[in-house]
Structure formats: C-alpha cells, structure tokens
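Heads up, the thing below is written out as structure tokens.
The values are calculated or read from the model by the stated rules, or taken from the named source; none is laboratory data. Bear in mind that the values here come from a model prediction, so they are computed numbers and not experimental data. Because the Cβ atoms are built from the backbone with ideal geometry, glycine has one as well, and the counts that use them run over all protein chains shown. Just so you know, the surface numbers come from the protein's heavy atoms only, side chains and all, with ligands and any DNA or RNA stripped out. Shrake-Rupley method; radii C 1.70, N 1.55, O 1.52, S 1.80 Å.
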Amino acid sequence: MEIEEISKEELQALIQRAEHAVEHGLALEAEDVQLLIKALHSLLVLQSKIEDRDITLRKLRKLLRIVNPNETRRTGSKSGDDKKTNSDKKRKRNNRNASDKTPPEIPVNPVEVEYHHIQDLKKGDLCPQCSAWTLGAKSPLVFLRVTACAPYSATKHVIEQLQCIGCGFVVQAEVPAEVSNDGDLGQHYGYTARATMAIKKYFSGSPYNHEATLSQLMGCPISSSTIYDQNAKLAEMIKPVYEELVKESANCSLLHTDDTGNKILDEKGKMLPKRKGKGERWRTGVHTSGVIAMKDDGATIHLYYTHLGHSGENLDRILSHRQTDLPPPLIACDALSHNHPTVLEEFVLCLCNAHGRRQFIDLEELYPEEVLFVITRYDQIWQHEKSVKAEGLNTEERLAYHRQHSLPIMEEIRTWCLEKQGQSDYEKNGSFGKAIEYFLNHYVGLTQFCRIRGAPIDNNIQEEALKVAIRSRKNSYFFKTQKGADVANILMSVITTAYRNGVNPFRYLVDLQRHQAEVLLDPRSWLPYHYAKRQQVQQDEAA
C-alpha cells in the first residue's frame, strides 16, 4: 500500500464541503467521496506502519512528501578541519554518479550558412560616401541567428491535373520533394508531425490536452483525440521494431528491471494464474515495468510495459524468447520476489545496493552512529566504482578491483551486522533489526558485483529510466484503456532506446515511417543502434 497524494488545500476544501453537507443535510458529490476514500486510505497506511513500529520521522516525512526523498547526503565529522563549505557540498552532490547521468550525445542539426552580398558595388569601386577613394575588402560581419516556429503548421496543396478526353489518362503536376518525403499524397498529418506528437507525449510527458491547447495558441488547432489517433497509427507502423527489440533483449547477458505504479481506468481487476503454483488469484495492481537490456557491444535496449501485474511478468514475456543454449542471464533488481522471472530455471540475481543502503539511511534519526558506520563504508564502495569508470577498466579488471577493495568492506559490514544481531537488546522485527536482516538475508545478491564479471553494483540506471514513464503519469494521471497503454509501451520504448543510443529520435521516427515497407521486411536492420551505424557509414561515404 502507498500514501495517496492529497494536497493541504484539497483537504481543507473537502472539510469545508463536508461540514456544509452535514449542516444542510446534503450528500457529498462523487468526486468528494473519492477524495475522502483516498484520505482514509492514507490514514490506514500510516496506522499500520505505526502499529508495526516500522516508521520514523524521516520515513513519515518522505511518505507524506514533506521532504525530498533524495538520499544524497554528506557523511563524516561536522566540526574542525573536516567541515566543508556549501560550495563543496553542492559540488559533491552534483558530481555523484555524474558519469551515469551524462546524456548521450545526439547529432545536432547542421547550421545553415547564408551569404548576403552587396548589390551594385564591388571591390575597387569608388566610395559612395566621399567619391575620392576606392573600396577595399574588409572581414565580413558574422553572427548566428536562432529562430523558432510553431510546432505544427498547415499547408493546402492544390495539384493541377489534366485528363485525356478519350482514354482517361491523367497527367498530374509534380509535387516538391519536401512534400512527398513527409507523407503520401492525401495524408493529412505528415511524418514530421507524427514524430513531434509522439516525442512530446511519450518522452517529454506533455498531456494530450496541453498539446491541443498549445496548437490552438500557435494558430493550428489539433484536437487531443486527433493527436492520439496519429500516435496510434505511428505505433502500429513501428511495432515490428518494438517486437524485434523484445527478441534482442531476451538474449542479452544483463537485464535491469523495476516497476512503478500506474493506472488504467478500464482495468477493474481480473483473475490471473498464480506465477508459482496452481490456481488463480484476483489481481488489481497496475504497474509500468521497465527493462534495460545491456548488449555486449555497449548498446542498450529500453523497454516499457504498462499492464496488470509486476515487472516479473514483463520479464517472463521477454525471456520466453531467449535462446536455450545461452548461459543464465544476470537480473539486476531489488529484493522483491515479484521482480524475479519464472520462465527460466537458472538466472543470477544481482541485488541493488542502493536499496540496501536505503534500509539504514531511513533510520538515521533513531540510530545516527550505527547508520554512519554503514553509510561511510558504502560511500567508499561507490567511490571505488567511480574510480573504475574514470580509469576505463574492462569487466575483468573491474571485477578484480572490486574483489580486492570493495569485498572486504562488504564483509566488514556483514561482520558488524552479525555482531549487532548477537546483542541481547537486538529486536529482529524492529526497524533497525529489519535493516540488518535485509542486508544479511540478501548478502550474496548484494555482493555479486565482487564475484561475477559484469554484475552491476546497483539498479540506479533503471530507476532513472523509469522517470520517462513517471513524467507521463505525473502529468496525465492514467490511461483509459489497455490499448492506449500499449501505444505508450511501443512509442516510449522505441524513442528512449533511440535516445540512449545516441540517435536523434525525431529523424529516426521520420525515417521509420518513410521506409515502412523496408522496416516491415527487415525490422532488425532498423533497430536504433544498427540505424546509427548505417547513418555513420553513409556520412563517411558522402564526405
């Protein structure tokens, strides 16, 4: 269960309406009843947390969104020579995992150069001002002008036609290349318009009604339903590429996965088979699952799937395409069992150390000294990972480095946890006891990066990738039907995969539409990373 997000203003307004209804013997509106249910649900969650003694002031503030849930902090002494300035703390906060958050380099549009020549005068002519001296060459004035235009514009094309009176043969005027390359004749919305609609909705998270309002303000009104229809057509066109991405990701050696809550209005719940065991159970939870498949050549595949279920079901759909002769894959996730696949008998679970660290940092107010012990050692481990990336070590060298420097620190934390576990005042079911039990129970999964070549230290890359889906959820709140969610699954996956592999998503979507017949025949050659290599070869040949 999660805390429902209700603002203070909404609650105050609800209280006033409820008091007014009681005073005059009126019934509450359906929207007010729903809001009241959300408030009671949140109260129930808080009550259960307090009864289980599984709540601290820090956790309570995070649950109620009073404080930022960001866990970045400074550890160590706060006095003497160890005290740091605000600029030092800001620099450390901004530089943490900076290499992971560097956006991929996207090819920029070429800058057009326009020359403006002087009319009626040239070098050697008499000066028009004094008429005594001749004009000489001077360095040209150069400046860059950035212009903008409305996201959508409409042009009516009138094509002249002539027809033979006898045989009926029709002669048609030739259409300019920029028109024919943007769609078939008679196509109302061009390839560029569809690509823009998809990127603004399924990567930037702009809701349909916002886009409809913006298009009206810019003088080219397009309804929200029309924007959805065009996105649905685009999703159908590029669906072969999405399906090929699923097949490719199934055979990768490392897959990151996680999910976040979402909502489909028409999904009221249904009976689904149990993942482990016989029978069925009633399921109501809708989630957006994310999977990042890491290819051996450095390319990444980003997949999203919004459905009734968890990321484990999404992994099962993907891994059902896996070749049987491949070694067990590495699955990076948190320790929740519903994130684990069931279609494979063997896989290596690499648990996220950011989650292990979080178990302790949430208790900092209650156990400051104990938490400081764990957090300072985790900071050393992440510093080791940062050094590995800075030195550009390969997977074998990285494994040897962590085995030498990070594994002893993890063993030190484990020994400390065992000592705490043996103390007389240790409470296994207390908040501090649960943090220790989490670390000890999942110690093998948390230390895989010190044992297996290529195993990740955390799942932060997937946490960051889920923000694409979270942006859309925050702005649009829900999907109406599963079909609408499927459109988002396809477009979000293809756009994000293109972006993360250094491909311009706008050009890529336009080319997929322009060459849709070729895409249908051979979708694999049109995957973003293959497309990027082909574009580079063509540019080199042209040069």
So, with points 7 Å from each Cα along the Cβ direction, the Cys149-Arg403 label distance in nm works out to 5.9 nm
The range 394-507, Kirkwood Rh and Cα Rg, ratio Rg/Rh at 1.16
To the nearest 20 debye, the chain has a Cα-centred charge dipole, built from +1 on Lys and Arg Cβ and -1 on Asp and Glu Cβ, of 820 debye
Computed from the beta carbon distance with a Förster radius of 41 Å, FRET efficiency for Arg414 and Glu9 to the nearest 0.05 stands at 0.30
Rounded to two decimals, the Rg over Rh value of the range 186-300 from Cα coordinates and the Kirkwood Rh reads 1.07
Of all stretches in the chain that avoid chymotrypsin sites (Phe, Trp or Tyr not before Pro) placed in a DSSP loop and having at most 12 other Cβ atoms within 10 Å, the longest is 170-476
The value for the chain (convex hull of the alpha-carbon atoms, volume per residue, Å³) is 342 Å³
Computed about the Cα centre, the charge dipole of the range 351-435 from +1 Lys/Arg and -1 Asp/Glu charges at the Cβ has a magnitude in debye, to the nearest 20, of 300 debye
In whole Hz, the Karplus estimates of ³J(HN,Hα) for the range 279-284 (6.51, -1.76, 1.60; θ = phi - 60°; x where Gly or Pro) are x, 10, 9, 6, 10, 10
Nearest 10, in degrees from 0 to 90: the angle of helix 86-95 to the longest Cα principal axis of the chain is 70 degrees
Once normalised by the length of the range 264-412, the mean sequence separation of its alpha carbon contacts under 8 Å that are 6 or more apart gives a contact order in percent of 13 percent
With all protein chains in place and a 1.4 Å probe, Glu369 shows an accessible area in Å² (nearest 10) of 150 Å²
From the cross-link list Lys295/Lys533; Lys239/Lys533; Lys233/Lys263, the entries with a Cα-Cα span beyond 18 Å are Lys239/Lys533; Lys233/Lys263
Helix 505-514 sits off the longest principal axis of the Cα atoms of the chain, rounded to the nearest 10 on a 0 to 90 degree scale, by 60 degrees
Here, Asp229 and Lys263, labelled 7 Å along Cα→Cβ, have an inter-label distance in nm of 2.8 nm
Rounded to the nearest 10 degrees, the helix 8-24 long axis (Cα) sits at an angle to the longest Cα principal axis of the chain of 80 degrees
With Rg from the Cα atoms and Rh as the Kirkwood inverse mean 1/r over Cα pairs, the range 217-280 has an Rg/Rh of 1.12
For the chain, dividing by residue count, accessible area per residue (probe 1.4 Å) in Å² works out to 61 Å²
Log10 I(q)/I(0) at q = 0.11, 0.18 Å⁻¹ for the range 122-243, from Debye over equal alpha-carbon scatterers, is -0.64, -1.05
Projecting the Cα atoms of Thr376, Leu272, Ile15 onto the charge dipole of the chain, where Lys and Arg contribute +1 and Asp and Glu -1 at Cβ, the residue farthest towards the positive end is Thr376
